[in-house]
Amino acid sequence: MSMTQTARPWYRHVWPWALMAPPLASVVFWVVIITTMAGPPDLVVEDYAKVALTYTEDATAREAAERLQLSANAQVDRDTGRVSLRVDGFEHAPATLRLALVHATRASGDQTIELKRNSAGIYHGSTRARIVGDRELRLAPADGAWIVTGQLDADHASVRLAPHGGVDSA
């Protein structure tokens, strides 16, 4: 008895397809990724990235403080958090001012103090916590009409505040 065995073509066997499937899937995957990434972004306006990277500062409050010739000297007790401040240049001093102690890198370290003027014209206020490290001090009225700023270094207890960060302009 003779058996005739018919040979099946290669594409009818499982093993060639099992060996070709991963490379073919990889080629299809990368073709889809490359064609997707090669085109321009459809959801973003062309100059969106350029606009988002631009920061502008509104200098009207600083200019108002400069016009009024305002400056201040602050004394800070870092252990108790008490701040005493004398402002020069007022004709009619407001009863309260707002002092922000801004940390350079941690927003959670920022503190805001409401300063009240006493009969001698000195403003006083205090924080609930110690004042640790460098701080930028920003003094402004409640309406934000003007602002004076200064840099309080970690090893100092006093700072001069001026419209341009404690630096006198010529």
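Results, tabulated for the structure shown:
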read-out: Positive-end residue of V76, S26, S126, charge dipole of the chain with Cβ unit charges; value: S26
read-out: Computed helical MRE - 222 nm, the chain, DSSP H runs ≥ 4 contributing -39500 (n - 2.57), nearest 500; value: -7000 deg cm²/dmol
read-out: Over the range 96-170, equivalent-ellipsoid semi-axes from the Cα gyration tensor in Å; value: 18, 17, 13
read-out: Per residue value of the accessible surface for the chain (all protein chains in place, 1.4 Å probe), Å²; value: 75 Å²
read-out: The chain - Rg over Rh from alpha carbon coordinates, Kirkwood radius; value: 1.58
read-out: Rounded percent of accessible protein surface that carbon and sulfur make up, the range 68-145, 1.4 Å probe; value: 45 percent
read-out: Angle in degrees between helix 14-38 and the longest Cα principal axis of the chain, rounded to the nearest 10; value: 30 degrees
read-out: The chain: most fluctuating residue of E114, E66, E57 per GNM, C-alpha cutoff 10 Å; value: E57
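The values are calculated or read from the model by the stated rules, or taken from the named source; none is laboratory data. From a predicted model like this one, the values you see are computed outputs, not experimental measurements. Counting neighbours? That spans all protein chains shown, and the Cβs are built from the backbone with ideal geometry, glycine included. Heads up: the accessible areas ignore ligands, DNA and RNA and are worked out on the full protein's heavy atoms, side chains in. Shrake-Rupley method; radii C 1.70, N 1.55, O 1.52, S 1.80 Å.
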